[in-house]
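The values are calculated or read from the model by the stated rules, or taken from the named source; none is laboratory data. Bear in mind that the values here come from a model prediction, so they are computed numbers and not experimental data. Every residue, glycine as well, gets a Cβ built from its backbone with ideal geometry; the counts of neighbours run over all protein chains shown. Please note that ligands, DNA and RNA were not included when accessible areas were found on the heavy atoms of the full protein model with its side chains. Shrake-Rupley method; radii C 1.70, N 1.55, O 1.52, S 1.80 Å.
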Amino acid sequence: MNTHDSEVYTVAPEMPAMFDGMKLAAVATVLYVIVRCLNLKSPTAPPDLTYQDTTLNHFLLKSCPILTKEYIPPLLWGKSGHLQTALYGKLGRVSSPHPFGLRKYLPMQDGATATFDLFEPLADHQSGEDVTMVICPGIGNHSEKHYIRTFVDHSQKQGYRCAVLNHLGALPNIELTSPRMFTYGCTWEFAAMVGFIKKTYPQTKLIVVGFSLGGNIVCKFLGENRTNQERVLCCVSVCQGYSALRAQETFLQWDQCRRFYNFLMADNMKKIILSHRSVLFGVGSTKMVDADLSRLYTATSLMQIDDNIMRKFHGHNSLKEYYEKESCVHYIHNINVPLLLVNSADDPLVHNTLLTIPRTLAEKKENVIFALTLHGGHLGFFEGAVLFPQPLTWMDKVIVGYANAMCQWEKQKPPCQSQGAHSTETKCQDSKS
């Protein structure tokens, strides 16, 4: 009996010790997963900048110092591109303001009605000039999205008028007036908005801004025709992918959960399309005669929707033709005004192979600066100390800071220089010599 008791006493302490070890291992595993998933060991750094050594570029980087300083995201979660993207996608921004604007309606030649919201400046611009931001939001977005409202409010307070395009069909309370909605690269509505601004405010100068899909549209618009660049001081594109044809393969990969994001965006596109089904697929819609709604209901990717529906709005014969003709990669080299291209290395929607496009462009063209941040996700770029993000993001500050620098350059440049075109700057230097 005593022997039995002694055996009990020797074994009993080992059980809690074993369980304590398991708990410690479990905690260590969880912490390891958290550190890996939140990318906590990743360093902070200034954006990786690609640009040519020109007087204008040096002036812009000196006058917009945020581009050369560290971007510091919130400590606990800001280094995760997925969480930055999720917070942008779910909340847009924190403590989003409510700027007051007027909605404008523009009839198009095909019977469609383009809409945009116009916001007047809340202060005088530091240059004393009349400057208008013409803004194109991301896929299926409009002026009521929180990230747009935050950016508009910040821009208004800096003295900018803002015109924000509402993508055709994106506003839930605005009915379509023709069997057509926005596509990946159609510039018609944006061109109509810019034309209205130029006509209504003949003295204003333009800052062109595009977010994600909107970045593709604005760069394609400027590159389609040289006259589209008249009165444009500069262009800023944030988080676009540049080539839909090259991006489609990456969207089918599970790397960085890209296939999952593809499914979510496809689901949102289905909701927008189906909310206008009576107009898009009604009797008057000749282009949609062979559209298969059953394939739309079962679509799990943007490519399936683009092939079955979106390409047909403009009569493209194949998905490849649609992506080729609607991507800005074939037009962006025609842009001669100063161009700032911003992307994030941890953007789960834009594969890093696509970033060779803006990098190569900046290496070849004097007017282009390519800024690549380590963190920021897709249109996130939140800033903050530990946990809670600030209402204003790094992205908002960069765009306005770059625009301010361009306005300052425009005001103090020598008379012989055209608006930011370095080719003219070279001619001025030649003439002086």
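Laid out as a table, the results:
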item: Meets criteria (open to solvent by 10 Å² or more (accessible area, probe 1.4 Å), touching a residue at least 40 places away in the same chain (Cβ under 8 Å), touching a strand residue (DSSP E or B) at 6+ places or on another chain (Cβ under 6 Å) and among the hydroxyl-bearing types (S, T, Y)) for T177; result: yes
item: Residue in the stretch 181-196 that is among the acidic types (D, E) and within 16 Å of D396 (Cβ to Cβ) present; result: no
item: Selection from the stretch 69-92 of residues that are farther than 15 Å from K41 by Cα and open to solvent by 50 Å² or more (accessible area, probe 1.4 Å); result: K69, E70, H82, L83, A86, G89, K90, L91
item: Condition met for A421 (surrounded by fewer than 23 Cβ atoms within 10 Å (Cβ to Cβ) and modelled with pLDDT under 95); result: yes
item: Restricting the stretch 93-107 to residues that are open to solvent by 40 Å² or more (accessible area, probe 1.4 Å) and of a type in the set (S, T, Y), the residue that is farthest from the chain's Cα centre (by Cα); result: Y105
item: Residue that is nearest to the chain's Cα centre (by Cα), among those in the stretch 391-413 that are touching a residue at least 12 places away in the same chain (Cβ under 8 Å) and in a loop (DSSP other than H, G, I, E, B); result: T393
item: Long-range neighbours under 7 Å by Cβ, at least six apart or interchain, first residue closer than 18 Å to I399 by Cα within the stretch 104-132, second modelled with pLDDT of 95 or more and surrounded by fewer than 12 Cβ atoms within 10 Å (Cβ to Cβ); result: D130/Q203
item: Those residues of the stretch 227-262 which are basic (K, R), at positive phi and not in a loop (DSSP other than H, G, I, E, B), in sequence order; result: none
item: Matching residues, the stretch 79-99, being within 15 Å of L374 (Cβ to Cβ) and not hydroxyl-bearing (S, T, Y); result: K79, G81, H82, L83, Q84
item: Boolean, T50 is at pLDDT 95 or above, touching a His at 6+ places or on another chain (Cβ under 9 Å), open to solvent by less than 40 Å² (accessible area, probe 1.4 Å) and of a type in the set (S, T, N, Q); result: no
item: Test: residue in the stretch 134-155 that is surrounded by fewer than 19 Cβ atoms within 10 Å (Cβ to Cβ), under 20 Å from L233 (Cβ atoms) and touching a helix residue (DSSP H, G or I) at 6+ places or on another chain (Cβ under 6 Å); result: no
item: Single unsatisfied condition, T356 versus (1) surrounded by fewer than 17 Cβ atoms within 10 Å (Cβ to Cβ); (2) farther than 30 Å from P46 by Cβ; result: (2)
item: Residues (assigned to a helix (DSSP H, G or I), more than 23 Å from V368 (Cβ to Cβ) and either of a type in the set (D, E) or open to solvent by 40 Å² or more (accessible area, probe 1.4 Å) (or both)) located in the stretch 312-324; result: H314, K320, E321
item: Verdict on D117 being surrounded by fewer than 16 Cβ atoms within 10 Å (Cβ to Cβ) and modelled with pLDDT of 95 or more; result: no
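Okay, residues lined up against (1) of a type outside the set (S, T, Y); (2) surrounded by fewer than 22 Cβ atoms within 10 Å (Cβ to Cβ):
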| residue | (1), (2) |
| --- | --- |
| C186 | yes, yes |
| M193 | yes, no |
| I197 | yes, yes |
| V209 | yes, no |
| N216 | yes, no |
| C235 | yes, no |
| S243 | no, yes |
| D267 | yes, yes |
